[in-house]
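Report on the following structure.
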Amino acid sequence: MPATDLRVAANTAIFEVSEAKRWLLGGYNHGHLANLAYPVAMEMALGFRFTAERFYQLGFVNRLVEPEALMETALEMARHMLTLPPAARVNTIHMMRRMRPAPTPAQQALAAKLHEHGDKSDLLESRAAFAEKRAPNFKGWLDPADRYRMPEMDQD
């Protein structure tokens, strides 16, 4: 979702970035790409739930509509975009996408390390607990001391 250019949500929708619950690294980049305030990005990365109304207030959603108006609103926005001169539409979208915040190569490399930092059996445990509708029993790390041996970003 963070790479979408425009977002329309039903006012009854609930959003959750689930990586923190299902992987060894939360969705650290979603709030960053959307240029949200750090505390909100942290909340997203840690898998907290958001109402569509809150995301609209934060600027993460462009339009908030009744559920039955969702598709028509999205189509209306698409029709508007088609009224723009083609080069203006394409060039503007291209420029706006280049202005979007992005994790640095060092941050992306750290994320790759963190995807490997932890007991991977927790990945399966998370999915099994969800499927079985029970609380998960996580291990964390194969060696508990690894909790204190965090990978760091390489400095260029």
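Every number in this text was worked out from the coordinates using simple rules, so none of it is lab data. The structure displayed is predicted, hence computed values, not measured ones. Virtual Cβ from ideal backbone geometry, glycine too; neighbours counted across all protein chains shown.
For the reader, a short list of remarks on this structure follows.
- Cα centre as origin, Lys/Arg/Asp/Glu Cβ charges: region 103-156 dipole, Debye: 340 debye
- Gain on full stretching of the segment that runs from residue 112 to residue 129 - 0.36 nm per residue minus C-alpha separation: 3.6 nm
- Considering only 52, 111, 137, the residue lying farthest towards the positive end of the dipole of the chain is 52, judged by Cα position with unit charges set on Cβ.
- Site pair residue 138 and residue 91 shows an inter-label distance of 4.9 nm when each label is modelled 7 Å from Cα along Cα→Cβ.
- Full-stretch length increase - residue 35, residue 76 - with 0.36 nm per residue and alpha-carbon distance subtracted: 12.2 nm
- Shape category assigned to the chain from the gyration tensor of Cα positions, a/c cut at 1.5: oblate
- Taking a straight Cα-Cα cut-off under 14 Å and skipping sequence neighbours fewer than 8 places away in the same chain, the aspartates and glutamates within cross-link reach of residue 113 are 146, 152, 154.
- Dipole moment magnitude, nearest 20 debye, region 1-102 about Cα centre, only Lys, Arg, Asp, Glu C-beta charged: 400 debye
- Normalised contact order of the chain, rounded percent, pairs of Cα under 8 Å and 6 or more residues apart: 25 percent
- Overall form of region 21-88 per C-alpha gyration tensor (a/c, 1.5; a/b vs b/c): prolate
- Note on residue 133: lysines with a C-alpha under 24 Å away, same-chain residues under 8 apart excluded, are 21, 120.
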